[in-house]
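Notes follow once the structure below has been shown.
The values are calculated or read from the model by the stated rules, or taken from the named source; none is laboratory data. Everything quoted here is computed from the prediction, not taken from an experiment. Backbone-built Cβ (ideal geometry, glycine too); neighbour counts: all protein chains shown.
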Amino acid sequence: MTNPIGELKPPNRLMMTPGPSSIDPRVYRALATQLVGHMDPWFRGCMDETQTLLRQIFQTENRVTFPLSASGSGGIEAAVLNSLEPGDEAICCVNGTFSERMYVIAQHTPATVHIVQAPYGKPVDPEDVRKVAKGRKIKMIGLAQGETSSGVLTEIDPFRKVADEFGSLLVVDTVASLAAVPLHVDKQRIDICFSGSQKAISAPPGMSPITVSPRAEEAFRNRKSKVQSWYFDLSTAMNYWGKDRLYHHTPPISLIYALREAMRIVLEEGLEARWAKHKLNQHALISGVEALDLKLLVENPKDRLATVTAVMIPSGVNDLKFRNQLLDEFNIEIAGGLGPLKDKIWRLGLMGYCSQKPFVLQLLAAMEKSLSDQGHRVSPGAGVGAALGVYIKAETPALAAH
Ligand SMILES: *Cc1c(COP(=O)(O)O)cnc(C)c1O
């Protein structure tokens, strides 16, 4: 009898979204290698290697550095729940859906949580955080380096300065930015930093790399109350990821293989080269998008996050129809807006494996065709041509100097 439910055959999409990104064939191969047990002596070596790679990507020597068995939101949850207990006060910097998620999660704790906001499309002003902190004892200041809902980059150092003035732990969400945007956890003295496996690292979703400074570890030891989660209590999780390797929970072993391989690719390329590549590809994409007569949400170029470009949907163009055409005709997935930006923007992701010249050109060509079919016309080849101009300039040293 044939099974009415057929063999799994997903479409072959190019995922130019703010996550998950498409992944390198090497990562698929790692994912498909044979399983071992999570207590197997061989797997211990694999865990060590995974942690060594992660420390390099985070640019840290923190002992507590490992992938949580959770998506990026689990990283937020772990960072916040371990930092806060009754009587504490915290400040969350909110400029979009994902930084707001940290605020929402912090409100699940018994701590008093203050919010400091910026409009979508702009970073929070550290001076506003200083004003709210004044006269208070602030245990934690949280922010997102890359706000994925709007494509905004926040400079971390001014917030470290404020955190120093008030003796606060600095918690930074790098889910959308790690391995794409400059980050030095130790040099920038970030206390808790976490990310997601499926964005610029380009591994499958399901893991949240996290790293904890010795100062934050001490704050955890000084807690008077238990962390409000057993699963995400970072001290007990470290019994497994630390030198004792005691059973805590069964980690997603195959995902750890995949993450390990994806990180090897990141480091083969080199962090600096990878940061530069993300910047160049976004420059090319932006030139192309502007040549398509589209406007960007983030006005100030220095606030633009290299992994996510938010483009205003032009009037007369139907959001869903446009995105469905990209899927059906070109096998390309992009994302729409979230919350107040729904129906207003498209979010074009250039994360990790997807941050490549051929994909940028493919996306621009597909966008041009789909826009034109809805009556938004530009001179043929304008988008691809403008992007190519950026690449030619960057690849020609004599021109790049200008
Ligand atoms: C994607 C994302 C998250 C949430 O990650 P999930 O894996 O969807 O749970 C959190 N923060 C930022 C900045 C993100 O981009």
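Just one of the numbered conditions (1) under 30 Å from C354 (Cβ atoms); (2) out of contact with any Phe, Trp or Tyr (no Cβ under 9 Å at 6 or more places or on another chain); (3) within 16 Å of the ligand (Cβ to nearest atom) is not true of K187: (3). Look through R274, R304 and report the one residue that is modelled with pLDDT of 95 or more and closer than 25 Å to V27 by Cβ. Checking each option against the conditions leaves just R274. List the helices (runs of 4 or more DSSP H) that sit entirely inside segment 299-402 and contain at least 3 residues that are surrounded by 20 or more Cβ atoms within 10 Å (Cβ to Cβ) and of a type in the set (A, V, I, L, M). The qualifying helices (runs of 4 or more DSSP H) are 357-373, 382-395.
Here's the yes/no breakdown for (1) in contact with a Pro (Cβ under 9 Å, 6 or more places away or on another chain); (2) surrounded by 15 or more Cβ atoms within 10 Å (Cβ to Cβ):
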{"site": "K161", "(1), (2)": "yes, no"}
{"site": "S168", "(1), (2)": "no, yes"}
{"site": "V175", "(1), (2)": "no, yes"}
{"site": "K187", "(1), (2)": "no, no"}
{"site": "S195", "(1), (2)": "yes, yes"}
{"site": "Q198", "(1), (2)": "yes, yes"}
{"site": "Y240", "(1), (2)": "yes, yes"}
{"site": "L246", "(1), (2)": "no, no"}
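For segment 76-100, taking the residues that are assigned to a loop (DSSP other than H, G, I, E, B) and away from the ligand (no atom under 12 Å from the Cβ), the one that is surrounded by the most Cβ atoms within 10 Å (Cβ to Cβ) is identified as L84. Count, please, the residues in segment 254-281 that happen to be of a type in the set (G, A, S) and buried (at least 22 other Cβ atoms within 10 Å of the Cβ). Of the residues in segment 254-281, 2 are of a type in the set (G, A, S) and buried (at least 22 other Cβ atoms within 10 Å of the Cβ). Scanning segment 140-173 for residues that are within 16 Å of the ligand (Cβ to nearest atom), touching a residue at least 60 places away in the same chain (Cβ under 8 Å) and not in a strand (DSSP E or B) returns T148, S149, S150, G151, T154, F159. Listed conditions (1) within 16 Å of the ligand (Cβ to nearest atom); (2) over 20 Å from M140 (Cβ atoms); (3) among the small types (G, A, S) are all met by S73, apart from (2).
Taken as a whole, the structure leaves L285 outside the set of residues that are in the same structural domain as L178 (by TED's automatic domain parsing) and within 20 Å of the chain's Cα centre (by Cα).
Among the residues of segment 246-266, the one identified as touching a helix residue (DSSP H, G or I) at 6+ places or on another chain (Cβ under 6 Å) and over 18 Å from S208 (Cα atoms) is L246.
Would you tally the residues in segment 101-122 being outside any loop (DSSP other than H, G, I, E, B) and surrounded by fewer than 20 Cβ atoms within 10 Å (Cβ to Cβ)? So the answer is 5. Surrounded by fewer than 24 Cβ atoms within 10 Å (Cβ to Cβ) and within 16 Å of G96 (Cβ to Cβ) - does that describe any residue in segment 135-153? Yes; the residues of segment 135-153 include at least one that is surrounded by fewer than 24 Cβ atoms within 10 Å (Cβ to Cβ) and within 16 Å of G96 (Cβ to Cβ). When you check A176 against the structure, is it touching a residue at least 40 places away in the same chain (Cβ under 8 Å) and within 15 Å of the ligand (Cβ to nearest atom), yes or no? Criteria met by A176. Per the listing L246, L259, the residue uniquely modelled with pLDDT under 95 and hydrophobic (A, V, I, L, M, F, W, C) is L246. Is it fair to say F66 is crowded, with 22+ Cβ neighbours inside 10 Å, touching a residue at least 40 places away in the same chain (Cβ under 8 Å) and either part of a strand (DSSP E or B) or more than 16 Å from the ligand (Cβ to nearest atom) (or both)? So F66 fits the description; yes. Taken together, S225, S254 contain a single residue that is outside any loop (DSSP other than H, G, I, E, B), polar (S, T, N, Q), away from the ligand (no atom under 16 Å from the Cβ) and in contact (Cβ under 8 Å) with a residue 24 or more places away in the chain, which is S254.
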